[in-house]
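Working notes, structure below.
The values are calculated or read from the model by the stated rules, or taken from the named source; none is laboratory data. What you are looking at is a predicted structure, and each value in this text was computed from that prediction instead of being measured. Every residue, glycine as well, gets a Cβ built from its backbone with ideal geometry; the counts of neighbours run over all protein chains shown. All accessible areas refer to the heavy atoms of the entire protein, side chains included, with ligands and DNA or RNA removed. Shrake-Rupley method; radii C 1.70, N 1.55, O 1.52, S 1.80 Å.
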Amino acid sequence: MGYKVVVAGATGNVGREMLNILAEREFPVDEIAVLASRRSLGTEVSFGDKTLKTQDLATFDFTGWDMALFAIGSDATKEYAPKAAAAGCVVIDNSSLYRYDPDVPLVVPEVNADAVLGYSKKNIIANPNCSTAQMVVALKPLHDRAKIKRVVVSTYQSVSGSGKEGMDELWDQTKSVYNPVTEVPPKKYPKQIAFNVIPHIDVFMEDGSTKEEWKMVAETKKIVDPSIKVTATCVRVPVFVGHAEAINIETEDFLDEDEARDILREAPGIMVVDKREDGGYVTPVECVGDFATFISRIRQDATIENGLNFWCVSDNLRKGAALNAVQIAEVLGQKVLKKG
């Protein structure tokens, strides 16, 4: 006996990836419904070897469905998630709407799977921000061993984090550089993204941080440990898929780089590729389509007593979004619903 699963936002990048991953991981699905807004109604999407037609999110009845994976943005989620939850369908939400709600668990299964048990207060579970998800997978096993006091992270985030519009803008601007007849001014981004990097993701806040940077701070505290201090600089780069992060940690106890490498090799969801030679590390292009979070360039930071540096790369449409949501669904099934 399997689950009745809804995917809302099935025509978007993340929604399509959710369907791919549900099929790839052979999630026990008895029945599946794919939802979209009215303007995408009837659009066909793939689920394994099946082709499904989207139904109208606005009129869909969630009664009798076990779980719904939402990839529809905060505004639509605000309207439809409470309706699904009230109908008894557990919502796994990819938007930022519920991440900081104390009554909604924020879950990365490799880090805090048991937090899923707190779903019942609102019948909603939140998926973290893409840049946070891959980072905390790497932080947790090191924190368990040596207690992380402080994290300094600089991100190199791909345009797929902005959805199809971001990918289209990079593509069109790149072409226009080689064909100067057509000019493609910035629309999705505040400056040209082709052949450029932009130290600005989401809106600016009063202290000079951007909302994306604030999210990494708040979510790391909620998922791993509220005592960890985090400072982030988030940068958009002209890469289509795959986020990279340069991470520096300071720990309470000394942690040797070799031991850190061994700990990370044994940790769930992580693949260590760390050879001190040309190409002995993973880049975003190589992580696309993979489930793992890749860690490279592990080395001691000699400027502080207990410091480590490492490089962290992951497919942001997978671990940063769709994969994590499906993993939450798997944990929810195993620990709570127990049907599949």
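Remarks
- Of all residues making up the stretch 96-130, the number that are within 17 Å of the chain's Cα centre (by Cα), polar (S, T, N, Q) and either farther than 21 Å from I247 by Cα or buried (at least 23 other Cβ atoms within 10 Å of the Cβ) (or both): 3
- Only one of A138, A84, A133 that is within 12 Å of E219 (Cα to Cα) and crowded, with 23+ Cβ neighbours inside 10 Å: A133
- Of the strands (runs of 3 or more DSSP E) that lie entirely inside the stretch 33-132, those containing 1 or more residues that are hydroxyl-bearing (S, T, Y) and over 30 Å from L264 (Cβ atoms) span 44-47, 50-53.
- Conditions (1) in contact with a helix residue (DSSP H, G or I) (Cβ under 9 Å, 6 or more places away or on another chain); (2) at positive phi; (3) not polar (S, T, N, Q); number of the one not met by D66: (2)
- When L35 is tested against (1) without any contact (Cβ under 8 Å) to a residue 60 or more places away in the chain; (2) touching a Gly at 6+ places or on another chain (Cβ under 8 Å); (3) surrounded by fewer than 17 Cβ atoms within 10 Å (Cβ to Cβ), exactly one condition is not met: (3).
- Here K4 passes the criteria (1) part of a strand (DSSP E or B); (2) open to solvent by less than 40 Å² (accessible area, probe 1.4 Å); (3) farther than 23 Å from F291 by Cα; (4) touching an Asp or Glu at 6+ places or on another chain (Cβ under 8 Å) except the one numbered (2).
- Residues of the stretch 38-63 that turn out to be charged (D, E, K, R) and surrounded by 20 or more Cβ atoms within 10 Å (Cβ to Cβ), as a count: 0
- Subset of the stretch 161-170 that is assigned to a helix (DSSP H, G or I) and in contact (Cβ under 8 Å) with a residue 24 or more places away in the chain - its residue that is most open to solvent (accessible area, probe 1.4 Å): K164
- Of all residues in the stretch 223-270, those that are over 14 Å from V152 (Cα atoms), in contact with a Leu (Cβ under 8 Å, 6 or more places away or on another chain) and either aromatic (F, W, Y) or crowded, with 22+ Cβ neighbours inside 10 Å (or both) total 4.
- Test: residue in the stretch 191-210 that is of a type outside the set (V, I, T), in a strand (DSSP E or B) and buried (at least 22 other Cβ atoms within 10 Å of the Cβ): no
- When residues in the stretch 116-160 are screened for being more than 30 Å from I304 (Cβ to Cβ), among the hydrophobic types (A, V, I, L, M, F, W, C) and in contact (Cβ under 8 Å) with a residue 60 or more places away in the chain, 4 of them pass.
- Of all residues making up the stretch 299-319, the number that are buried (at least 18 other Cβ atoms within 10 Å of the Cβ) and either out of contact with any Leu (no Cβ under 7 Å at 6 or more places or on another chain) or assigned to a helix (DSSP H, G or I) (or both): 11
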